[in-house]
1. Which helices of the chain meet both criteria: a Cα extent of 15 Å or more along the helical axis and a mean Kyte-Doolittle score no lower than -1.0, with helices taken as whole DSSP H segments?
2. Using a 1.4 Å probe on the protein chains only, how many percent of the accessible area of the chain belongs to carbon and sulfur?
3. Can you work out the FRET efficiency for the pair Asp109 and Lys340, with r the C-beta to C-beta distance and R0 = 35 Å, to the nearest 0.05?
4. Multiplying the sequence separation of Val293 and Arg153 by 0.36 nm and subtracting their Cα-Cα distance, what value in nm do you get?
5. Cross-link candidates for Lys346: which lysines have Cα within less than 20 Å, leaving aside residues fewer than 8 places away along the same chain?
6. Given a 1.4 angstrom probe, what's the average accessible area per residue across the chain, in square angstrom?
7. With springs connecting C-alpha atoms under 10 Å apart, model the chain as a Gaussian network and identify which of Gly303, Gly291, Gly345 has the largest mean-square fluctuation.
8. I'd like the trypsin sites (Lys or Arg not before Pro) in the stretch 239-299 restricted to DSSP loop residues with at most 12 other Cβ atoms within 10 Å, sorted by number.
Amino acid sequence: MNEMKLGIVGLPNVGKSTLFNAITKAGALVANYPFATIDPNVGLVNVPDNRLNVLSEMSNSKKIVPAVVEFYDIAGLVKGASKGEGLGNKFLSNIRETDAIVEVLRCFDDPNVTHVDGSVDPLRDIETINLELILSDLELVDKVLEKKRKVARADKSARAEVEVLEKIVAVLEEGKSARILDLNNEEKKLLRSYQLLSTKPIIYVCNVNEDDAADDGASNKYVEIVRNFAKSEGAEVSVVSAKIEQEISELETEEEREEFLAMIGLTESGTDRVIKDSYKTLNLISYLTTGEVETRAWTITKGTRAQDAAGKIHSDIARGFIMADVISYDDLVAAGSEAKAKEAGKLRMEGKDYIMQDGDVVEFKFNV
C-alpha cells in the first residue's frame, strides 16, 4: 500500500466538494446544483504528525517527508445510480479504486441550500447511498457467480470462491452491506479482486454549521442520529464544518491556523480528524526514520513484520534484511538524543519477525 486512497461521497449539495477543496486546496468547482462534479478530483494531503517536527530538529534534517493520503472527490450520488441514474456507473467505478469511503452527510438546516430530497435527513441519505452500493455489488456478484458455478463443477479451487460469493449475495439481497459479514482472511483474499463497494470501510462525516463544530456536534440532533447508526456498524464518525475547513485552508501559516482554531474552541481541524479516523478504520500506523538527509513517516498496516516494513523503503532492504535498530519515539524524546537513548538501554535490536509498533523510530541494517 502506498498512499491511502479515500473516496469522498455524498448526495448532491451536502458540502462534499467544499470539504474536498478545503482538504486539498485543489479548487474543485463548487456549485449549488447536482452533478457539478463529474470527474473525480484528486488531491494529495499530508498526514498530520507532530512527531516529525520534533525528530527533524533532533537530527537536524534537511527535509521532512510526511505520510500522504489521496482524496478523491466523487460525483454526487442519487437514487438509481446503480442503474446509471445521474452519473451512476461512472461514480461507482471511481469509488471501487479507493481503500475506504468517506461519506459526507448534511447535518445542518439552511433554507438557502437545496436538498436533493427536499429535507435534511442524514439516515435517509445513508440508506440512499448504501443501497446504491449494495445494488451495484449485487449486479456484479450475480454475473460472476453464474460463470464461477460452471467452472466450480470441474475445479475444486473455484468452489471456495463460489461459497463466499453466495454468502455475499445472501446478505446483499437482504439490503445489507457485505461489510457486516465476519469473513476470515482467506475469504477476504478471494474477494479482493472484485473491489466490492459494500465491503469497503466507511467513515461518516457529519457536516455541521460553525456553532456545532466546537462541541463536536454534541448538541446537534442529526449528529446524534448518525452516531447511533454508526455504532451498529462499528464505524467512525467525524464532525466537521466544511465552512470552517474552507476558512482554515485560506490561512497562510500554521501559526495563523492554530490561532484561528483556538479562537473558535477547536484543538485540531476537522480534516485532521477525518485522516486520523481513516487510519483507525483501516488499521494503519506509522513508523519513522530520521537522519540528516530527512525525517520521514512510513504508513504500514498494524501487525506488519519488520522485514516487510523495510520493504516499504526499498525491496533491497527487505531482501538483504539483517536486523532493525528500534527506539520508541517516546523513549527517544525522553532521552533527548539517540546516543542518550542507547546509554539508557532504550535501543533494541530486532529481527525480521518483530511486529512494528506505531511511533517506532527505526534504522534497518541490510546487506545485498
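1. On the way: long enough: 122-152 (43 Å, -0.04); 156-173 (26 Å, 0.40); 221-233 (19 Å, -0.57); 270-281 (16 Å, -1.21).
The qualifying helices are 122-152, 156-173, 221-233.
2. Values: 8780 of 18260 Å².
That share works out to 48 percent.
3. In this case the efficiency is close to 0.05.
4. Working: separation 140, 0.36 × 140 = 50.40 nm, distance 5.85 nm.
So the chain would gain 44.5 nm between Val293 and Arg153.
5. Excluding near neighbours in sequence, the set is Lys365.
6. Details: 18260 Å² over 368 residues.
Per-residue accessible area for the chain comes out at 50 Å².
7. The residue with the greatest mean-square fluctuation here is Gly345.
8. Here no trypsin sites (Lys or Arg not before Pro) fit, given the DSSP loop and packing criteria.
The values are calculated or read from the model by the stated rules, or taken from the named source; none is laboratory data. Note that the structure is predicted; figures quoted are calculated from it, not measured. As a convention, Cβ positions derive from the backbone with ideal geometry for all residues, glycine included, and neighbour counts pool all protein chains shown. Heads up: the accessible areas ignore ligands, DNA and RNA and are worked out on the full protein's heavy atoms, side chains in. Shrake-Rupley method; radii C 1.70, N 1.55, O 1.52, S 1.80 Å.
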